[in-house]
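Only one structure is covered here, and it is reproduced in the block below.
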Amino acid sequence: MKRILVISLLISLTFNCLFTLLGGIFLAKRGGLPYLFDYLSRSTKNNSSPPLLTSPTYLHQTSQFELLTINNDSIIFLGDSLTAEGKWSELFANPKIKNRGIGGDTTVGLLARLDKIIESQPQKIFLMIGVNDIYQGVSANTVYNNYRTILERFTQETPRTQVYIQSILPINKNLVIYPTAANNQQISQLNSQLKQLAAEFSYTYVDIFDSLADEENNLKPIYTHDGIHLNGQGYRPWKEILAEYVNDN
């Protein structure tokens, strides 16, 4: 009887060790503990997240931006978490660059905080927004109309500002750590519309998508840990593409 119990215990321990080992390997491939913490954080947010405009992150960031100065020679990077996570002023060694990205921001959120940007009449704006709209299932027509409204405000209220419309970046659903209905076909369709809007408003369209995508239009794994956001390597080609526009006087 004791022998059976010992054997059962050994089998149980063996399986536990095996599952722990496999789990560790999976976690390591996904990015280790940062991946786990990010996954748990996003799961919590997805279950109980408030509307964007009343979320603590949005309110904290916008209230801070209200206190900061933008000059008419400032270069504004405007967008969501992809913009927010870039250390742009250091990447370009340019103190004129001001990062005004907010994680989770959408075209609606951006419209709600444009006044401060426009009042400052900045020299340049590098705009990337819209992917979170896609994640949230906002219709393509709504995203397009919101984007048009953003550009109309720039044209009418800060006409001397040079505006650069950046393409939405690809994603890699094989690496995404939480479910999303978004796909690269939707992103490519939106990018086509953004390119048309840029031409209509006489702004510069900057294609970042192609440089970060593989042959199947997925975000290259070398550039991401979660299939959506960029690691340090991912910001390098983005920076190289923008260099001629940032440094052009």
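Taking every alpha-carbon pair under 8 Å whose residues sit at least 6 apart, the range 54-246 reaches a relative contact order of 19 percent.
With distances taken between every two different alpha-carbon atoms, the range 117-230 has a Kirkwood hydrodynamic radius of 14.9 Å. Of the residues Ile187, Thr107, Pro159, the one whose Cα sits farthest towards the positive end of the charge dipole of the range 95-249 is Pro159 (charges of +1 on Lys and Arg Cβ, -1 on Asp and Glu Cβ, taken about the Cα centre).
Remark on Ile97: its backbone amide H falls under 5 Å from those of Ile75, a criterion applied only to residues 5 or more positions apart or on other chains, H modelled at 1.01 Å from N. What share of Cα pairs, in percent, lie more than 27 angstrom apart in the range 54-246? Of the Cα pairs, 23 percent sit more than 27 Å apart.
Around Ile70, under 15 Å between beta carbons, what's the net of Lys plus Arg minus Asp minus Glu among the other residues?
On the way: positive: Lys96, Lys98, Arg100, Arg113, Lys116, Lys124, Arg160; negative: Glu66, Asp73, Asp115, Glu119, Glu157.
Charge balance in the 15 Å sphere: +2.
Note down the net charge around Asn132, summing +1 for each Lys or Arg and -1 for each Asp or Glu among other residues with Cβ under 11 Å from its Cβ. Present the calculation step by step, with values, prior to reporting the outcome.
Numbers: positive: none; negative: Asp80, Asp105, Asp133.
Charge balance near Asn132 sits at -3.
Counted by neighbouring Cβ atoms within 10 Å, the residues Tyr164, Tyr245 run from fewest to most as Tyr245, Tyr164. If you take every DSSP beta bridge whose two residues both sit in the range 54-246, what share of them, in percent to the nearest 5, is antiparallel? Here the antiparallel bridges make up roughly 5 percent for the range 54-246. As a proxy for reagent exposure, Leu175, Leu111, Leu67 were ordered by neighbouring Cβ count within 10 angstrom, fewest first; the result is Leu67, Leu111, Leu175.
The numbers here are math on the coordinates, done by the rules we state, and not lab data. Please read these numbers as outputs of a predicted model, since none were measured by experiment. So basically every Cβ, Gly included, is an ideal-geometry build from the backbone, and we count neighbours across all protein chains shown.
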